[in-house]
Amino acid sequence: MDFTFTEDQLALRANVRSVFMKEVAPELLRELWETDTGRSAELWQLVTEQGLTALSVPEEYGGLGLADIDWVLMAQEVGYYGLTEPLIDTAWVGAALIAALPESAAAFKDVWLARIAHGEAKLAIGHPLNPLVENAHVADLLLLNHHDEVHAVPRGQVTLTAHASLDASRRLFAVEWTPSDATRLADADVGQTLWRSLQDRAALAVAAQLSGLVTRVLDLAIDYTAERKQFGKPIGSFQAVKHLLADVAVELEFAKPALLRAAVSLANGHSKTGLHVSHARLALADTATLAARHTMQVHGAMGYTWELDLQIFMKRIWALAAVWGDKAFHLQRVADHVLASDTVLDPSQTFAA
């Protein structure tokens, strides 16, 4: 299986990285914590101008028609910089579900995919795996699961109750709403397939963000070890400190192929997509948890303090670890495959196409 990215894909990531580096600073994230919505119209305009809201939208609706593989690169940057806007739920996960709706929803698709492509709509997604809906307060439309049916409900037709999160950047809400024929886009037979695909895509998005977050906390820890001195030397020169960060770096390198394999499987409709996504999700969640613990230890608990940036990204890691399926959920999906009587387990199957 070839995991090599094209020049165009790498160029797009480099462009997004350069923009986020300038505009999505930790200082801005802290400022947004103090606002009513925790979101920024300027940031949303920025991602729209970069064409990111149009990435997954099919060309016939005004988008670029790119694949899940392209989005994995973007999601890593979203994780690295801690972007707060509902870009992934809107332009990748939600847009993909809408694009896959049956022909009976053609008029709905015409309107909302075009709006998404032009940055004129934000989505929030409600699913049994996530009892609380993120960004429901700023969403123009909520995609909601009702016994596997797909429903689309404008924000004005729901009642929201805010819930606190460990991560101050996450805004979570319990959603009360009434399903009806008017809100139903797909019945349970069709919806079951649509929700399964969305669940895998959303879990993959979380894994990709965790990959970016691991890189970010590593970078912060490395910078800190170069500046902090003990016994007249930077603490980064001490072997014990090096080992803590090296362990994280090694774990990340082992997890990345699983992430990319899952993206290829999802994009190509592989029969074992769910397995591959859960593998990637488990690998990156474990790596991210280790990264948070070791980088905190390197900081000598200074990372907990409000003034340092490390706590921003550690809290994001801990919050995302339970989103779109917790560890038990994804372990069960892997166990179901590994323990099946007809499963072939040998090295030739690891990255089989």
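General observations
- Inter-centroid distance (Cα atoms) of the stretch 24-75 relative to the stretch 198-213, Å: 15 Å
- Residues in the stretch 1-41 that a label on residue 67 would reach, taking backbone N under 12 Å of a point 7 Å out along Cα→Cβ: 2-6
- Accessible surface of the stretch 70-120, 1.4 Å probe, proportion on carbon and sulfur as whole %: 52 percent
- Solvent-accessible area, 1.4 Å probe, carbon plus sulfur percent, for the stretch 145-228: 46 percent
- Among the listed options (1) 26.6, 113; (2) 23.7, 76; (3) 20.5, 71, the one matching Rg and Dmax of the Cα atoms in Å as calculated from these coordinates is (3).
- Cα long-axis angle, helix 273-298 against the chain (0 to 90 degrees, to the nearest 10): 30 degrees
- Average accessible area per residue (Å²) across the chain - probe 1.4 Å, nucleic acids and ligands excluded: 45 Å²
- Set of lysines near residue 272 by C-alpha distance (under 29 Å), chain-local residues within fewer than 8 positions excluded: 109, 256, 327
- Most fluctuating residue given options 287, 35, 193, as computed from a GNM of the chain linking Cα atoms under 10 Å: 35
- Computed from Cα atoms, the angle from the helix 68-81 axis to the main principal axis of the chain rounds to 50 degrees.
- Residue with peak Gaussian network fluctuation, the chain [Cα springs, cutoff 10 Å], from 339, 266, 166: 339
- The residues 313, 231, 329, sorted by heavy-atom accessible surface at 1.4 Å with ligands and nucleic acids left out, run 231, 329, 313 from largest to smallest.
- Estimated FRET transfer efficiency (residue 178, residue 306; beta-carbon r; R0 51 Å; 0.05): 0.75
- The slack in the chain from residue 35 to residue 196, taken as 0.36 nm per residue of separation less the alpha-carbon distance, amounts to 54.5 nm.
- Here is how the number arises for the chain: DSSP H runs of 4 or more residues each give -39500 (n - 2.57), the sum is divided by the residue count, and the result at 222 nm is -17500 deg cm²/dmol.
- Helix 310-320 axis, angle to the chain major axis (alpha carbon atoms, nearest 10°): 40 degrees
- The stretch 84-184: relative contact order as a whole-number percent, Cα under 8 Å and 6+ apart: 21 percent
- For the stretch 15-26, the Karplus equation 6.51 cos²θ - 1.76 cosθ + 1.60, evaluated at θ = phi - 60°, returns couplings of 5, 4, 4, 5, 5, 4, 4, 7, 9, 10, 8, x Hz by residue, with Gly and Pro reported as x.
- Theoretical gain in end-to-end length, residue 45 to residue 253 [0.36 nm per residue, Cα-Cα removed]: 71.5 nm
The values are calculated or read from the model by the stated rules, or taken from the named source; none is laboratory data. If you're wondering where the values come from, they're calculated on a predicted model, not measured in any experiment. Cβ: placed from backbone, ideal geometry, glycine included. Neighbour counts: every protein chain shown. In case anyone asks, the SASA skips ligands and DNA or RNA and just uses the protein heavy atoms, side chains included. Shrake-Rupley method; radii C 1.70, N 1.55, O 1.52, S 1.80 Å.
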